[in-house]
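Note sheet for the following structure.
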Amino acid sequence: MHEEPFRWVEAIANRREYIEDQLATGSPIVGLSYRDGVLLFTLSRERQKLFEIHDRIALGGLGHPGDIERLRLAAIEVAGAEGFARSADDVSLRRLANFSLSPALKAAFEQIYGPPFLARLLFAELGRRGTPNLFARVDFDGSIRTNGGSFGKSFEDFGVIAGKALAMRQMETFLAANPTSAATLPDALRTAASTWAMGHMALAQEREADAPSATDLAAHLATQLSNTSIEAIVMEHKSPIAVAYRTLAEADVREALSAK
């Protein structure tokens, strides 16, 4: 009897290690604010990683495709029900993450006889009427990290996810040193691409190391762009259509990245 709590803690630790190992090679996803709205950016080889959830909420996910799809559908269902019962303006990322997705992920993670979600999610919400854009990382154990704005924290203009904590720390450090809130879309794309390269290079590291130079980042990005697809979406404050969410054409993104 006295060994049961220890066995549960040990099982949870083993489960966490297993999930982290499964996510370790996931392609990073970069979210940042720019002059006209929000940008989400990643590179992928096989499948879609960026999705629209609601009018001003987008999702990027890495992990098992089936689990990401289940969580995506759950988020859409909750947002739709909230919008129907109240109004579209009442649908918020904080409510979606804190009261719906986080409890479900935590319950699945801690039920050691059931399958956990092999997924790490990045949500972005376009600010309304002058409020800052919100980014939230929701992990497989239900933990949430936002870009600030509460408990005395100032807002950051970005959010990231990657397969390893080391990669995410390096990406966040890079974005903190290269703010984009006043940048044009082409400049924001170039910063997002460099940030992605920073995170992707860090996936091969076992411990903290000096940040790669701009030349190293450019060389690594060029190599990866030769055999992967670019996926990028924006949510614009002054969208020419009623929907804020827009997928960028890959040819346009590659042209922006190649421009000096």
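Read the figures in this text as sums done on the coordinates, not as results from a lab. Given the structure is predicted, the values throughout are model-derived calculations rather than measurements. Every residue, glycine as well, gets a Cβ built from its backbone with ideal geometry; the counts of neighbours run over all protein chains shown.
Below are the figures for this structure:
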read-out: Lysine pairs in the chain with Cα atoms under 27 Å, if 8 or more residues apart or on separate chains; value: 7
read-out: Region 8-59 versus region 211-260: alpha-carbon centroid distance in Å; value: 17 Å
read-out: Simple Cβ-charge dipole of region 111-260, Lys/Arg +1 and Asp/Glu -1, about Cα centre, in debye nearest 20; value: 340 debye
read-out: Under the Karplus curve 6.51 cos²θ - 1.76 cosθ + 1.60, θ = phi - 60°, whole-Hz ³J(HN,Hα) for region 130-146, x wherever Gly or Pro sits; value: x, 6, x, 5, 10, 10, 9, 9, 10, 9, 4, 9, x, 5, 10, 10, 9
read-out: Ordering of 131-140, 208-217, 189-198 by packing [mean C-beta count within 10 Å, highest first]; value: 189-198, 131-140, 208-217
read-out: Whether region 138-260 is rounded, prolate or oblate, judged on the alpha carbon gyration tensor where a/c under 1.5 counts as rounded; value: oblate
read-out: Mean separation of Cα contacts under 8 Å (6+ apart) over length of region 74-186, as relative contact order %; value: 17 percent
read-out: Note, ³J(HN,Hα) from phi for region 57-66, Karplus 6.51, -1.76, 1.60, rounded to Hz, x at Gly and Pro; value: 10, 10, 10, x, x, 10, x, 6, x, x
read-out: Relative packing of 243-252, 82-91, which averages over residues the other C-beta atoms within 10 Å, highest first; value: 243-252, 82-91
read-out: Backbone HN-Hα couplings from phi across region 68-82 [Karplus 6.51/-1.76/1.60, Hz, Gly and Pro as x]; value: 4, 5, 4, 6, 4, 5, 5, 5, 5, 5, 5, 5, x, 5, 5
read-out: Value at 222 nm in deg cm²/dmol, rounded to 500, when DSSP H runs of n ≥ 4 in the chain each add -39,500 (n - 2.57); value: -13000 deg cm²/dmol
read-out: For the chain, size of Cβ-based charge dipole, Lys and Arg +1, Asp and Glu -1, in debye; value: 480 debye
read-out: Dipole moment magnitude, nearest 20 debye, region 1-124 about Cα centre, only Lys, Arg, Asp, Glu C-beta charged; value: 280 debye
